[in-house]
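Peer 1: There's a structure below that I have some questions on.
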Amino acid sequence: MITRFAPSPTGPLHLGHAYSALLAHDMARAAGGRFLLRIEDIDRQRAKPAWEAQIYDDLRWLGITWDGPVMRQSERLNIYRQTLERLWENGIIYSCTCSRRDIEAATSAPQEGAPLGPDGIIYPGTCRQTGAHRPGRPLPDTAMRLDMKRAATHCSFEEICDQHRGVHQITPQQMIDTVGDVVLARRDMGTSYHLSVVLDDAAQGVTQVTRGADLFEATKIHVILQKLLELPTPAYCHHKLIRDENGKRLAKRDDARALSRYRAEGASPTDIRRMVGLG
Ligand code: GLU
């Protein structure tokens, strides 16, 4: 069994991250498997070296050890680009010049609100024809969207944790209706969370993706991409989210719950385990 923790160094780790990392780490150790670390730093505007350093420090303090070298997404931009070129040549992605405002304008229905998918408003398809692959034309400097009609196939994945436990079937129609043409490469990044996470989990040989239940819907996109790119589909453990006393899930900017804050106030790693229900 190989699992991982994949934080973005865009803020302090909080109790929710501690839970995710400890859970994945404990499961790997209990199974005699491997626990890997990946730094998801594709957002060059928001990722900071100081946050990355703090991640290593917090994890070590928690008693977490990771196996092998740390993977950093910022060092894999070539891999993401090559994959996009392949998808472009196969006519599975198209370039999109729509701004958020264009999309809102194109989808505004007076009666009902625009349909929402895991990434926000389901894209109405404005650029699907105009942005499609032209032979000989290089990958243009725009956002790239997945043509879901062409990409989606029947597939499934296994959920092994908490409330979604079981096998989940995915149908092309469901993907077209509830997800749509998601962005696979942002113009400012040259990739996206979805594309990078799929390629990296495969490159690291991950057999179990352990992460928060907030990413459950995004997993359908990942499974479609795995099929498209001929990569194995791992098992998924989408765990409960750690919430504050008002039931709100913790956010990166919620500094009050930052691990470093608890550390400074004298909490021990055992206290943290107890606070997240792993004590
Ligand atoms: N980098 C993501 C985050 O920090 C987690 C992605 C994942 O586990 O798939 O929220």
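Just so it is clear, none of the values below were taken in a lab; they were calculated from the coordinates. For clarity, every value in this text was computed on a predicted model and none was experimentally measured. Every residue, glycine among them, receives a Cβ derived from its backbone with ideal geometry; neighbour counts consider all protein chains shown.
Peer 1: Just name the residue that is nearest to the ligand (Cβ to nearest atom) out of those in the range 202-219 that are touching a Phe, Trp or Tyr at 6+ places or on another chain (Cβ under 9 Å) and touching a residue at least 60 places away in the same chain (Cβ under 8 Å).
Peer 2: Across the range 202-219, the extreme among qualifying residues is 211.
Peer 1: Here's a check for you: in the range 179-201, which residue that is more than 14 Å from residue 224 (Cβ to Cβ) and without any contact (Cβ under 8 Å) to a residue 60 or more places away in the chain is nearest to the ligand (Cβ to nearest atom)?
Peer 2: So, considering only residues that are more than 14 Å from residue 224 (Cβ to Cβ) and without any contact (Cβ under 8 Å) to a residue 60 or more places away in the chain, the one nearest to the ligand (Cβ to nearest atom) is 186.
Peer 1: Also, I was wondering about something else. What number of residues in the range 194-206 are crowded, with 17+ Cβ neighbours inside 10 Å and touching a strand residue (DSSP E or B) at 6+ places or on another chain (Cβ under 7 Å)?
Peer 2: 6
Peer 1: Among the basic types (Lys, Arg) and out of contact with any Ser or Thr (no Cβ under 9 Å at 6 or more places or on another chain), is that true of residue 44?
Peer 2: Criteria not met by residue 44.
Peer 1: Also, quick follow-up: With the requirement that a residue be in a helix (DSSP H, G or I) and under 25 Å from the mean Cα position of the chain (by Cα), what does the range 102-131 give you? Spell out the reasoning first.
Peer 2: In the first step, residues of the range 102-131 are kept if they are in a helix (DSSP H, G or I); the result is 102-107.
103, 104, listed by residue number.
Peer 1: Quick check on the range 227-245. Is at least one of its residues buried (at least 17 other Cβ atoms within 10 Å of the Cβ), under 20 Å from residue 42 (Cα atoms), hydrophobic (A, V, I, L, M, F, W, C) and within 16 Å of the ligand (Cβ to nearest atom)?
Peer 2: Taking every residue of the range 227-245 in turn, none turns out to be buried (at least 17 other Cβ atoms within 10 Å of the Cβ), under 20 Å from residue 42 (Cα atoms), hydrophobic (A, V, I, L, M, F, W, C) and within 16 Å of the ligand (Cβ to nearest atom).
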